[in-house]
Every structure is written in C-alpha cells, then in structure tokens.
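Notes to accompany the following structure.
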Amino acid sequence: MNAKTIKVDFLARVEGEGGLFVRVRDQRVTEVKLNIFEPPRFFEAFLRGRKFSEAPDITARICGICPVAYQMSSCHAAEDAFGVHIEGPIRELRRLLYCGEWIESHALHIYLLHAPDFLGYEDVIQMAKDHPEAVQRGLRLKKIGNQIMTVVGGREIHPINVRVGGFYKAPSKQQLKGLTEDLKWARDAAVETCRWVSTFTFPDFQRDYEFVALRHPDEYPLNEGRLVSSKGLDIPIQEYEQHFAEEHHKHSNALHSALLERGSYFVGPLARYNLNFDKLTPLAQKAARTAGLTATCRNPFQGILVRAVETVYACDEALRIIAHYEAPDKPYVEVTPRVSIGHGCTEAPRGILYHRYRYDDRGLISNAKIVPPTSQNLKAIEEDLSEFVSARLHLPNDRLQWQCEQAIRNYDPCISCATHFLKLRVERE
Amino acid sequence: MAAVRKPKIAVWKFASCDGCQLSLLDCEDELLSIVGAVEIASFPEATRAVVKGPYDISLVEGSITTPHDEERIHTIRRSSKLLITIGACATSGGIQALRNFKNVADFIPMVYAKPEYIETLSKSTPINDHVFVDFQLRGCPINKLQLVEVLNAFLNRRKPVTPAHGVCMECKRRGTVCVMVANGTPCLGPVTLAGCGALCPAYDRGCYGCFGPKETPNTTSMSAGWTALGVTEPELVRAFRSFNAYAEAFRKESEAHER
C-alpha cells in the first residue's frame, strides 16, 4: 500500500478557519487542498448602496488583525476616484498608523504564532515556560505597535479616527513625542528579534516565485507605489484587474488569485523585501545582513526573519515621522464625490490589499471588489506544500504534518480576510 | 480536599473578523497571568493543542451563518458549564447580518458564479437565538479591559461589572463637550451602550454604534434630533444598519425609516 494522506482538520495559529488535505500515491503527491471553511460574509454585496465615507469603517470589519490596511485601501480608492491626493503631515500620520499595525501584527506572528513551530512547542504559552524573556519581549513589542494605533487611530482593533481625506482629529506633537522612548526600546527589541530568529533552523526550501509588491521611488512601500514583480511586471495599481484574476475552487470558501500571464505569485514581507531592499533604512539593512540575509531571500521559511527586519524598519520609520511631525492645520482634506471608479492598493502586513469601487454622483458605492493578500497567496501555498511534501515523504506522518503546518504559517495567512468573498472572474473545472 | 484544578477555558469562532478573540492576545500585560490562572483548553488562533471538554468557560466569537455552525453551537453549549458570547457578531449577528434585510435569493447570484459550492443560511443570527447564553459582552470590537473583568468575575463567582447606560454618560465623565449640541454632528451616543470609553466624540466625530443599543434606548427621539440636523431618511437607515443592525432596537428603528 503506497497511498497515504495527511489531514489537518483544523489549522491552528492562523487567523480564521481552514484545514489541509494532502494525498500521496506511489511516492507522488497527487493532491493538495487548503480547505477554507471560514463562513463567507458577503462584504462586496452589502457595500452596494453604502456611502464612500462608510467604506473605511465597514471594510475594517473584514479583519480584526489588519483593520488599518482595509481603512487605508478604501480611503485611497475614494481619493483616487474623487481626484484628491494627500500630502504632508496627514500622509505621514497614515504611514505612522500603518507602522503601528505592522509592528503589532509582525510581533504577533513572529512570537505568538510562528516561533513555536521552529522551537518545537504547541503554542506560545508552553514556549513561555522555557523562553520567558523572549515572550515578554514579543508581548511588549506588540503592545508598542498597539500604542501607536491607539494614539493615532483611537483604538488598536478597528480604529475610529480614519476617514476619507485624512483623520477626524490629528494627534498633537506632544502626544506623538510621548511614544518616542517606547519606540526606541522597540527598535532595539526588533534588532534583538532578528538576532534571536536567525538562530532558528530553517528547512532548506525554495522555489522560483514571482514576488509582487508595491514599489515607491522614495520609500519602503506602505500606502503608495506602482505594482512591480520579480518577473518584470510594472504597472500602476489602476491596471491591477488587467493582470490578475480570481478562480473559484470547490474546496475553498476563499477565491484563489492568479496572474493571468504566469499563474501563482507571492505577496507579503518576503516579496516586499526582495523588491525593495534598497529602500530599507541602514539599520534595517544592517540587521538583515547581521542575521545572515542578503538582498535576495527565496526561502519562505525565512519569512519570519524578514518580518523581524521589517519590524526594525517600522520602528525606525515611526521614530522618523514622530521626530519631524507638525500637526496639520486641518486633519483632513474635503472630497467631492462624482461618478467615477477608484482604486486603492496598500501593503497590509501580509501583502498587497486591493480595493476597487464604482461610485454614483452622490458618492454611493454601486460596485465593490476587494482582493485580500491571503487570497493572492493561496495558490503559492498549495504549490509550496506539493513540492515540500514530495521531498519529505520519508518523514513520519506527525513530523510531516507539523512541517506542513509550519509551511502554511510562513505566509501568516489570514483566512477571515480571504473568505469575505469576492466577485468571481474566472472559473476552473 | 481534592487538588485545585485550574478552570478550563475554550475559545470558539463562528462568522467574524477574529478581532474579539485577538483582544485576548492584546492583553499583553495580563496574558501570562491569565494563562497562569486558567488552562487554555482550546484556542485555535493561539495553539494547536486541544484539551477535551467539558469546559468551565467557553468564549464564543462570531454569528451563526451556515447549517454546519447551527449544529456546532449546540455541541459547544453541551460541553460548556458557562458560555459567554463576545462581540457584536456573537451578540447581535454582526455586520454580516446586513444580509437579513435583503432577499438572499437576489443576494447570492450577485456575488457567486457557482452558488452550489457555498452553504449559507439566509440570515446571520446571534448565538443566543440558538442556545442559552450565560453572559453577553458587547462591542465591535469588545473592550479588552471588560473582557478581563468578565473572566475575573466568573472565575471568582461574582457578577461582572459592565455598564448598561449609554455613551453620553461616558462623554460627561470624560469631560468631552457634546458633539451633537456644540457642533451639530449626528451622534449615536444617546442610544448606544457604553463600553468603548466614548472614543469617537473625543476624536471630534459622532458615535457610530459599535456597542449596539443601550438599555431602554429612545431611538425615535434620537432620530428626530438627527432629522432636525438635516439627516435624510436613507442616511438614518444606514446609521442604524452597521455592526449591530439586527439588534432589536436598531433593527426596528431602521425599518421605521424605510417605510
């Protein structure tokens, strides 16, 4: 009997509900399915008829882990449609808020969700018994990310202060200065995180991925840039739907996104890093090199290390913004709705998050499309698993299952996001 | 006397954004003390280890939207001594309850090319429509300090201290000038349950109802106040139809302005 199956009914330490199914026959992987059974919630459908100004607060509820990403992409889409471009301190405040979300989300994933895989624990609670200092460092780092979100956004989950055109109220210079000391500690802690994570053992694995991320001439990408890839894609975000499409598979309540020309692709920290290494601050670059990375990294298991490098960057960038901040005269720019289509694409902690809306003359949404990062990585995850399992068939099942789960967590998948459901573009039999 | 056994706590998820269970992980200062005082028996977002029930406390996030989940909640109730629902999805059906106001037969083909792949109910409903709930903690998201208070209270066999009054009281306590009276900004504060700390008015914006209706809310009077400020009927309908759209007081008021 040469057939075996690996079945994980309920994937743990990911955000949302999913399972894994791998079928192996005659020493070959014949089937890999990432089952997504998170219930669909129909966001695009009920966004119809809502006002442009409601989209940031409504779409934030797609994901409690990365609400800022949804607020940013929906704001940028409305501003794109209504011909407004945000500059100056409001733009800086948005980057600061996003840095808070990156620090919080990356610290959560590194310390609470992924490190236990590398160190052989079922969870962070068990890990804390043997590694109390590391866990406390992770929790404090996470808390400082949350503090930024609270000061700029009002609260850490589903911030209340974001609106199309800017913010309801801008924080004072004093309020932001109050974050400085903690952020300096956080920056040191992030550098230490790089060192700590670099001591982990990384399975030897890489594939010829197509990395996709934003790229901006002046900065490491958060809110703006062109969409570029490691295989030559270079487009304005408005052309996204000419190059990417979603497929619906029976085993998944989340759509799988693909590049029309070349199929699967990879978004998130590893993609951003490979496409934007030159835009990292000197300290972040140094932390990467000290941890043994070069400007190119194709091993998805080292994604945890790249997240640590991005955390150094986010602390550095937050400190820069706070040091130069002067409160704007008015916290937002007025927008005037018109019949139009708007696009927004920003870098959520897990990768690019694309929004597109059609508005009527009163600014009501007549059509919406949202493509979260996890939908875009699902194809790459399944391909990773297929190749990864093929080379490790000699391992006992429990060991193999552990490593498969670890391979999925490389992508920090957010299944709640991926299953809010998208309008279908392509079908596959 | 038998050795003291740590109470077993399980965290369950239905249709939701994961934000309310994240609140537990967001208790950075309290997390290690909490997990020292209890046994986390099932919490898939945080651990792959699962301890068998029965559980002393089950925290339930999310609303019921699929036939499978409709069954699953009964299994969870049977294995839980205390069942506490957390967040707007679990206590009122959440933002996904906006489907309840539409005909799902029209709704599904609008979104799905292959509806036969999808199993979903026509309505998104709160947990207490299906099983007995011992305590409901409201909010979108919940306030993590209230979550710590609720856990603390149940572990020490006392009643949790959570307010039943409205956001207006929190503004007064905080010293925030009323945005509706002073600036003419429409605000749901007069009818919304306290718990967030009256955040929005402190940020120069009107409350948008994350915690759902307070005890005995006068929604009719509040709507009249909004109308006097120039708010239209469709805008009133939308204001009551967000994260707690299916909570009775908000549902009735939104329907009153749809006629």
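We did not get these values from a lab; they are worked out from the coordinates using the rules stated. Here the structure is a predicted model, which means the values were calculated and not measured. Backbone-built Cβ (ideal geometry, glycine too); neighbour counts: all protein chains shown.
Could you name the lysines whose alpha carbon sits less than 19 Å from that of A:Lys286, not counting residues in the same chain fewer than 8 places away?
Qualifying lysines at Cα under 19 Å: A:Lys184.
Between A:Leu283 and A:Gln242, how many nm apart are label points set 7 Å from Cα along the C-beta direction?
It works out to 4.1 nm between the two label points.
Quick one: what are the phi-derived ³J(HN,Hα) couplings along the stretch A:192-203, Karplus 6.51/-1.76/1.60 with θ = phi - 60°, whole Hz, x for glycine and proline?
Once rounded to whole Hz, the list reads 5, 4, 4, 5, 4, 5, 5, 7, 5, 9, 9, x.
Based on C-alpha coordinates, I'd like the Rg and Dmax of the stretch B:96-236, in Å.
Values for the stretch B:96-236 (Cα only, Rg and Dmax): 18.7, 54 Å.
May I ask you to sort A:His355, B:His130 by Cβ crowding, counting other Cβ atoms within 10 Å and putting the fewest first? It would help to have the intermediate numbers written out before the result.
Working: A:His355 29, B:His130 17.
With the fewest neighbours first, A:His355, B:His130 line up as B:His130, A:His355.
Would you mind giving the mean number of other chain beta-carbons within 10 Å of the Cβ of each residue in B:8-18, as a whole number?
Numbers: counts 0, 0, 0, 0, 0, 6, 3, 7, 8, 18, 14.
That works out to 5 on average.
Loop sites only, by DSSP: take the chymotrypsin sites (Phe, Trp or Tyr not before Pro) in chain A that have at most 15 other C-beta atoms within 10 Å and name the longest stretch containing none of them. All intermediate terms of the calculation are to be shown ahead of the outcome.
Values: sites that count: A:Phe10, A:Phe200.
My reading of the result: A:201-429 is the longest stretch.
The stretch B:6-95: which trypsin sites (Lys or Arg not before Pro) are DSSP loop and have at most 13 other beta-carbon atoms within 10 angstrom? Each step should come with its number before you reach the end.
Numbers: sites: B:Lys8, B:Lys13, B:Arg48, B:Lys52, B:Arg72, B:Arg77, B:Arg78, B:Lys81; in loops: B:Arg48, B:Lys52.
The qualifying sites are B:Lys52.
Using the Cα atoms of the stretch A:43-427, I'd like the radius of gyration and the largest Cα-Cα distance, Dmax, both in angstrom.
20.1, 65
Normalized C-alpha radius of gyration of chain B, against 2.2 N^0.38 Å? List each step's numbers first, then the result.
Details: Rg = 19.7 Å, N = 259, 2.2 N^0.38 = 18.2 Å.
So the Cα radius of gyration is 1.09 times the expected 2.2 N^0.38 Å.
Can you give the Rg to Rh ratio for the stretch B:8-155, taking only C-alpha atoms and Rh from Kirkwood?
Working: Rg = 16.0 Å, Rh = 16.0 Å.
My calculation puts Rg/Rh at 1.00.
Run down the lysines and flag those whose C-alpha is under 23 Å from the C-alpha of A:Lys231, throwing out any fewer than 8 positions away in its chain.
Leaving aside lysines fewer than 8 places away in the same chain, those within reach of A:Lys231 are A:Lys279, A:Lys379.
In the stretch A:169-238, what GluC sites (Glu not before Pro) fall in a loop by DSSP, with at most 16 other Cβ atoms inside 10 Å? Please list the in-between numbers first.
Numbers: sites: A:Glu181, A:Glu192, A:Glu210, A:Glu219, A:Glu224; in loops: A:Glu210, A:Glu219, A:Glu224.
Answer by residue number: A:Glu219.
DSSP loop trypsin sites (Lys or Arg not before Pro) in the stretch A:293-389 with at most 14 other Cβ atoms within 10 Å of their Cβ, which ones?
Numbers: sites: A:Arg298, A:Arg307, A:Arg320, A:Arg338, A:Arg350, A:Arg356, A:Arg358, A:Arg362, A:Lys369, A:Lys379; in loops: A:Arg298, A:Arg338, A:Arg350, A:Arg362.
Answer in residue order: A:Arg338, A:Arg362.
Can you give the mean number of other chain Cβ atoms that lie within 10 Å of the Cβ atoms in peptide B:195-206?
Working: counts 0, 3, 2, 0, 7, 5, 0, 5, 12, 6, 7, 1.
Other-chain Cβ atoms within 10 Å of each residue's Cβ, averaged: 4.
May I ask you to sort A:Leu275, A:Leu378 by Cβ crowding, counting other Cβ atoms within 10 Å and putting the fewest first?
Working: A:Leu275 20, A:Leu378 25.
Listed from fewest to most nearby Cβ atoms, that is A:Leu275, A:Leu378.
Per 5 Å bin, what percent of the C-alpha pairs of the stretch B:167-256 does each bin hold, from zero upward?
Calculated over all Cα pairs of the stretch B:167-256, the distribution is 3, 16, 28, 26, 19, 7, 1 percent.
Using θ = phi - 60° and the Karplus curve 6.51 cos²θ - 1.76 cosθ + 1.60, what whole-Hz ³J(HN,Hα) does each residue of the stretch B:8-14 get, with Gly and Pro shown as x?
8, 10, 10, 10, 10, 10, 10
Quick one: which residues, 5 or more positions from A:Phe244 or on another chain, have an amide H under 5 Å from its amide H? H modelled 1.01 Å from N in the peptide plane, none for Pro or chain starts.
Answer set, sorted by chain and number: A:Leu260.
Specify the residue with the greatest mean-square fluctuation among B:Ala15, B:Ala202, B:Ala88, computed from a Gaussian network of chain B linking alpha-carbon atoms under 10 Å apart.
With Cα springs under 10 Å in chain B, the top fluctuation among B:Ala15, B:Ala202, B:Ala88 is at B:Ala202.
When ranked by the protection proxy of mean other Cβ atoms within 10 Å per residue, highest first, what sequence do the peptides B:90-97, A:22-29, A:157-164 form?
So the peptides B:90-97, A:22-29, A:157-164, ranked by packing, come out B:90-97, A:157-164, A:22-29.
Taking the Cα centre of the stretch A:294-396 as origin and charging only Cβ (+1 Lys, Arg; -1 Asp, Glu), how large is the dipole, in debye to the nearest 20? Before the final figure, lay out each step's value.
Numbers: 12 positive and 13 negative charges, 59 e Å.
For the stretch A:294-396, the charge dipole is close to 280 debye.
Among the lysines, which fall within straight-line cross-link reach of B:Lys144, defined as a Cα-Cα distance under 25 Å, with same-chain neighbours fewer than 8 residues apart omitted?
A:Lys129, A:Lys142, A:Lys143, A:Lys169, B:Lys6, B:Lys8, B:Lys13, B:Lys81, B:Lys159, B:Lys172, B:Lys214
In what order do A:Cys63, B:Cys171 fall by count of nearby beta-carbon atoms within 10 Å, going from fewest to most?
Working: A:Cys63 30, B:Cys171 23.
Least crowded to most crowded, the residues run B:Cys171, A:Cys63.
Using a simple charge model, +1 on the beta-carbon of Lys and Arg, -1 on the beta-carbon of Asp and Glu, nothing else, what dipole does the protein assembly as shown show about its Cα centre, in debye to the nearest 20? Mind showing how you got there, number by number?
Values: 84 positive and 83 negative charges, 194 e Å.
Approximately 940 debye in magnitude.
Taking the convex hull of the Cα atoms, report for the stretch B:1-70 its projected area averaged over all directions, in nm². Could the numbers behind the result be given before it?
On the way: hull surface 23.0 nm².
Dividing the Cα hull surface by four gives the mean projection, 5.8 nm².
Please list the three semi-axes, largest first and in whole Å, of the ellipsoid equivalent to the protein assembly as shown, using sqrt of 5 times the eigenvalues of its alpha carbon gyration tensor. Don't skip to the answer; put the middle values down first.
On the way: eigenvalues 247, 177, 144 Å².
Ellipsoid half-lengths, sorted descending, are 35, 30, 27 Å.
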